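Rule-based calculations on the coordinates, nothing more; no lab input. Computed from a prediction, not measured in an experiment: that's the story for all the values here. Note: ideal-geometry Cβ built from the backbone for every residue, glycine included; neighbour counts use all protein chains shown.
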Amino acid sequence: MAYAKRIIADADTTDPALGPLSGGRLAKSDRVGAVFNQQDLLLGHGRRVVASVGLHLSPRFQVPSTNTTSVSQTYPLKSASRVCYRGTFTLTPGHMLRAQAVWTPAGATQRFAAGSWVSDGGLGMINFTAQFSNGLASETVNRTIVCDVSPNQYNAETSTEGAMFGELYRGFTEIRPNDLNNVATMAAWSDTAVAPFAGVTVELTISYRGGVRPVDVIVYEVPVAYARDVSTSNWAAALYEEGGKPAKAYPSAYPVLALNTAPGHTGLGSTRLVETATRQRDDLGPLLVTWTAWSEAVQGVAATETAALETSSLTWTEMLCTSTAAPWSADAPGWSITCGANARRWDTSDPYQAMRGNDAVVPVRIWVRAAAPGGSTGYLRFHSEAYSAMGDIEVNSGTYAWYSQTGHLRCGLGAEDTATLQMLGMVAGVGMTLSVRNVTVEYLKN
Amino acid sequence: MTALNANSKSDTAFLGDARGGGGAAVLTVDLSSHRLDLTNNATYLQELASARTALSTPREITAYFEADDNDAGILINHGNALGTAYTYRVFIKAGAVEVYENGVLLASLDLPNVSPVDRAYALQWSTRMDGSISAQSELTICDVTGGEYAHAFFRHTPASTSAAYAFNVCGYGAGVSAFPIAKVLAVRIGRRFHSSAEFKEDWIAATTPPTIGATLRDPPLPLTADVEQSTEAAFAGPAYLWSGYNTRQSDRRLVSPVANLRIIDAALSAGILDNTFATPRQRYMRAWHDSRYRFAGQTIVYRPISPKTNKVRARVSVRAASVGANPPVDMQFTLYSIAGFPFAGEAKKPKPVYYYTTPVSVNVNTGLVAVEGEWIDLGETRIAVDDWGCSLFVLAMAFDLDSGSADADDTRVILQALTIDPFYEVSDNGYAGGFDLSLP
């Protein structure tokens, strides 16, 4: 089996001139090479944040700085793993994951001894578990960031003015399947070889052990390399250069049609060029929202799962800010989805007919991890304007599971515009409860 | 000559628009590119054997009409003369809209604010494939006068259709069960999915976009791989030109938000800030540009920066109030982007590079409890990128520029949300911008 591969770490497009390829001009082969090259480099633009948890506007950490001897439990158990984030998403082709954290020194843990809770020592570990699936196989990767522990009494935070800023630590760890130096392995995890060629999917979990004081913990995509078995099709890059070798010599001084119908990889086919450009246009897009109900200020130290956001409302109610005037309010808080304007599609947001250049929509898939206990039925709907909504996601199981729905949301024209996404929930009957722990909003591949 | 209509689009199969008056005589005139008028039968409009409206999925059906809570009748139908078989049917039934395909009721949605008096409504039923088997429909209704919207979403099997079916505006066949045609002001049938945002642009009110300084990309048109003549080694052009253009337009597709922070209701009480900055003290540090401001440590995010961005725009959602007799004082906010932050446990580095948004001074008096709060636009700033390809962002704030007045002492604020969105803006002649982070 033959493979083609290109390293895309730090790749960046340079937008070559297209004039020589336009009508009436004598195009040269170097213009063709430049177009192929840009397709490969485009994959290097990804730095999507796919998971985030931390202090995030809460002034108070879950882990306190109080006396570690107490009547009731005030610190987490040393051995308990406390899940603070779950997410699912599709990986950008050629990208792997990097976990990165900023923290202040970790706090204490407790154990129960002789009728009271006492210190069990300071500890702070942030654990990441990612299950990669490519339609043929799956691989689970576990990584850990170990946090420095506070040397103060009770492993407390230093309490002088601004002390947090002098005690900010950062660290990272790569989350990747094993043996990526093997080109076949790299090909297996760069992209999927199975229809509908949607990409490698990931289920990600972040958990804390001990007295972690997380300021900002994220997982984001980093471009690594893109590799394909040359007998496959529907690539996300043309792979014009292979693994750092010199660029291919184009067989003609002028652009010619190369149907690429012969077996094997030539990397120079105009057919492949168009197919790849189409795939990049259809499948690449932002990850707009990644959210967990974990709140440092209110999450109990004994719980091993995120305390869910709940509603028992019989009418649509915004779940994070229940004071929001339903169904949507420009004044109320929400998530910004203006980056959706970077990934518009011609059939719903072309600037001449569909939206006339005044506005834009982005097609998305929304994932929610939710449950409706005790025979309840709950519904979720998302609005980015009163007129722009998607849903309804029906939650009807008492066991937490992933639910998803697709739709189009108004996203504005870019960062200088405004597009605020709000999440509404309701239940079907009196006495029912809808519980939500996690939300991911990702671009919907075509 | 028929005037052009902005709602006649390339996918429009039929468009009749009598919102300017003229009733059925005007409604029957087809404003689409087909220019095939319907037959005006006084109480209904019809096209027999309407292949152009024999649409299953994707499809758009829009109607603009007046209705009261007693009106009933079929508004739009594509089916046989007996009404026993049809592709789609839109039925108004005493204050509600029912939509059907192939004899099956798919959804029912009440007309917002319907009353005994006629109100103007616009509805759009838009359908697309979701996966390879099922269709996903969105039904959107707008009370044009009151501005309220109602939505329904439903999944179903794509409809079967027949080019032999007739297309009716009002009723089926010879106008059986017709909705009063005098109340129908516009109808459009389209061949592609239309989002509810497009519905609002076309039929309710056009959006006035803000001034955009960022480099925007257009979504490129589709092109099939066989665009060229299929002769190996023949001269080629469009494939290379289009692909090169497409790559340029796609180069920012992966750019995602830098930060999207929200706090839940239950955590709001823990997040009340005042000018003592003591909740707790270690969380706040004097800002670098002006010691009257304090960095708020709970707003710190440390995020990677895409190569195709060089600026961010930030907004913060707050609640504010006074616990004293007088209103709250003005508050000042600015967002920093920092490279080279002196993280603990690392070798000493040169001084950090930082940029910050032009500080904004606002007076917010929303109350603290059971309110929505207010968004504050922090503006934009360049991004300072460090050796990890990341930037540390933090909000700095002040109460009346640290005046220490009694009213400042009484002011309370809660930070509810913080959004940071990246973009690319071509720098100016170099005096302020210097080297761009990346090429345009």
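At q = 0.14, 0.21, 0.28 Å⁻¹, work out log10 I(q)/I(0) for the stretch A:37-82 with the Debye formula, treating every Cα as an identical point scatterer and leaving solvent out; two decimals please.
-0.61, -0.91, -1.11
Dividing the alpha-carbon radius of gyration of the stretch B:268-325 by 2.2 N^0.38 Å (N being the number of residues), what value is obtained? Present the calculation step by step, with values, prior to reporting the outcome.
Details: Rg = 14.9 Å, N = 58, 2.2 N^0.38 = 10.3 Å.
Compared with the compact-globule rule of thumb, the stretch B:268-325 sits at 1.45.
Hey, got the average number of other protein chain Cβ atoms within 10 angstrom for residues in B:63-70?
Details: counts 0, 0, 0, 0, 0, 0, 0, 0.
If you average over the peptide's residues, the count of other-chain Cβ atoms is 0.
Which values, in whole Å and largest first, are the semi-axes of the equivalent ellipsoid of the stretch A:12-166 obtained as the square root of 5 times each eigenvalue of the Cα gyration tensor? Mind showing how you got there, number by number?
On the way: eigenvalues 540, 76, 22 Å².
Taking √(5λ) for each Cα gyration eigenvalue gives 52, 19, 11 Å.
Over the stretch A:39-167, what is the relative contact order in whole percent, taking alpha-carbon pairs under 8 Å and six or more residues apart?
Details: 170 pairs, mean separation 31.4, N = 129.
Across the stretch A:39-167, relative contact order equals 24 percent.
Can you list which of the DSSP-assigned H helices in chain A have a Cα extent of 18 Å or more along the long axis and an average Kyte-Doolittle score of at least -0.5? Each step should come with its number before you reach the end.
Numbers: long enough: A:29-42 (20 Å, -0.19); A:270-283 (19 Å, -1.47).
Result, helices passing both filters: A:29-42.
Label points 7 Å out from Cα along the Cβ direction at B:ARG292 and B:ASN80: separation in nm?
Here the answer is 8.1 nm between the modelled labels.
Give the dimensionless ratio obtained when the Cα radius of gyration of the stretch A:167-238 is divided by 2.2 N^0.38 Å.
That works out to 1.48 for the stretch A:167-238.
Counting only other chains, and only Cβ atoms inside 10 Å, what mean value do you get across the residues of B:210-221? Provide the component values of the computation, followed by the final result.
On the way: counts 6, 2, 8, 3, 7, 1, 9, 5, 7, 13, 8, 4.
Across B:210-221, the average partner-chain Cβ count within 10 Å equals 6.
Over all directions, the average projected area of the alpha-carbon convex hull for the stretch B:84-140 comes to how many nm²? Each step should come with its number before you reach the end.
Working: hull surface 18.6 nm².
Convex hull of Cα atoms, orientation-averaged projection: 4.6 nm².
Quick one: Kirkwood hydrodynamic radius for the stretch B:1-134, alpha-carbon pairs, angstrom, one decimal? Intermediate values should be presented prior to the final figure.
Details: mean 1/r = 0.0621 Å⁻¹.
Kirkwood hydrodynamic radius for the stretch B:1-134: 16.1 Å.
Need one number: nm distance between label points at B:VAL362 and B:THR224, each 7 Å from Cα along Cα→Cβ, rounded to one decimal.
Here the answer is 5.2 nm between the modelled labels.
Please identify which residues in the stretch A:345-379 have an amide N closer than 17 Å to a label point set 7 Å out from the Cα of B:LEU4, following the Cα→Cβ vector.
A:351-358
Tell me, B:HIS151, B:HIS34, B:HIS78 in order of fewest to most beta-carbon neighbours within 10 Å?
Working: B:HIS151 21, B:HIS34 13, B:HIS78 26.
Going from least to most buried by this count: B:HIS34, B:HIS151, B:HIS78.
If I model a spin label as a point 7 Å beyond the Cα along the Cα-Cβ vector, how far apart are those points for B:ILE272 and A:ALA137 in nm?
Going by the 7 Å Cα→Cβ label model, 5.8 nm.
Cβ under 14 Å from B:VAL371's Cβ, B:VAL371 left aside: what net charge do those residues give with Lys, Arg +1 and Asp, Glu -1? Numbers along the way, then the final one.
Values: positive: B:ARG319, B:ARG412; negative: A:GLU318, A:ASP331, B:ASP265, B:GLU372, B:GLU374.
With Lys, Arg at +1 and Asp, Glu at -1, the net is -3.
Give me the Å³ per residue figure for the convex hull around the C-alpha atoms of the stretch A:370-446. Walk me through the intermediate numbers first.
On the way: hull volume 7.9 nm³, N = 77.
Here the figure is 103 Å³ per residue.
Among all stretches of chain B without exposed GluC sites (Glu not before Pro) (DSSP loop, at most 15 other Cβ atoms within 10 Å), which one is longest?
Values: sites that count: B:GLU232, B:GLU346.
Longest stretch, sites excluded: B:1-231.
Binned at 20 Å from 0, what are the whole-percent values of the Cα-Cα distance distribution for chain A, short to long?
22, 49, 25, 4, 0
Bin width 5 Å, alpha-carbon pairs only: give the P(r) of the stretch A:1-73 as whole percents, running from 0 to the bin holding the largest distance.
Taking all Cα pairs of the stretch A:1-73, the binned fractions are 3, 10, 12, 10, 10, 9, 7, 6, 5, 6, 6, 5, 4, 3, 2, 2, 1 percent.
Send over the Kirkwood Rh of the stretch B:234-387, from the inverse of the averaged 1/r over different Cα pairs, rounded to one decimal Å. Intermediate values should be presented prior to the final figure.
Working: mean 1/r = 0.0529 Å⁻¹.
For the stretch B:234-387, inverting the mean 1/r across all distinct Cα pairs yields 18.9 Å.
If you build the Cα gyration tensor of chain B and take the root of 5 times each eigenvalue, what three semi-axes come out, in whole angstrom, biggest first?
On the way: eigenvalues 589, 197, 64 Å².
For chain B, the ellipsoid semi-axes come out as 54, 31, 18 Å.
Net charge within 10 Å of A:ARG47 by Cβ-Cβ distance, Lys/Arg positive one each and Asp/Glu negative one each, not counting A:ARG47 itself?
Details: positive: A:ARG48, A:ARG98, B:ARG303, B:LYS308; negative: A:GLU221.
That sum, taken over residues with Cβ under 10 Å, equals +3.
Which angle from 0 to 90°, rounded to the nearest 10, does the C-alpha axis of helix B:238-250 make with the longest principal axis of chain B?
50 degrees
Calculate, in nm to one decimal, what B:ALA51 and B:ILE204 gain on full extension: separation in residues at 0.36 nm each, minus their alpha carbon distance. Please list the in-between numbers first.
On the way: separation 153, 0.36 × 153 = 55.08 nm, distance 2.91 nm.
Difference between extended and current length: 52.2 nm.
Could you state the orientation-averaged shadow area of the convex hull built on the Cα atoms of the stretch A:295-446, in nm² to one decimal? Mind showing how you got there, number by number?
Numbers: hull surface 40.1 nm².
The number I arrive at for the stretch A:295-446 is 10.0 nm².
Full extension from A:ASN67 to A:ALA2: what is 0.36 nm times the residue separation minus their Cα-Cα distance, to one decimal in nm? Walk me through the numbers before you get to the answer.
Details: separation 65, 0.36 × 65 = 23.40 nm, distance 6.33 nm.
Using 0.36 nm per residue and subtracting the Cα-Cα distance, I get 17.1 nm.
Taking the mean number of other Cβ atoms within 10 Å as a proxy for protection, how do you rank A:396-405, A:161-170, A:87-96 from highest to lowest? Kindly include the intermediate steps, with their values, before the conclusion.
Working: A:396-405: 14.7, A:161-170: 19.5, A:87-96: 25.2.
Per-residue Cβ counts within 10 Å, averaged per peptide and sorted highest first, yield A:87-96, A:161-170, A:396-405.
When each pair of different Cα atoms in the protein assembly as shown is counted once in the 1/r mean, what is the Kirkwood radius in angstroms, to one decimal?
Kirkwood radius, the protein assembly as shown: 29.3 Å.
Shielding by partners for A:401-413, please: the mean number of other protein chain Cβ atoms within 10 Å of each residue's Cβ.
Details: counts 0, 0, 0, 0, 4, 4, 7, 9, 3, 7, 1, 6, 6.
Counting other chains' Cβ atoms within 10 Å and averaging over A:401-413 gives 4.
Once the convex hull of the alpha carbons of the stretch A:118-165 is built, what does its volume come to per residue, in cubic angstrom? Working shown, then result.
Working: hull volume 5.5 nm³, N = 48.
Convex hull volume per residue, Cα atoms: 114 Å³.
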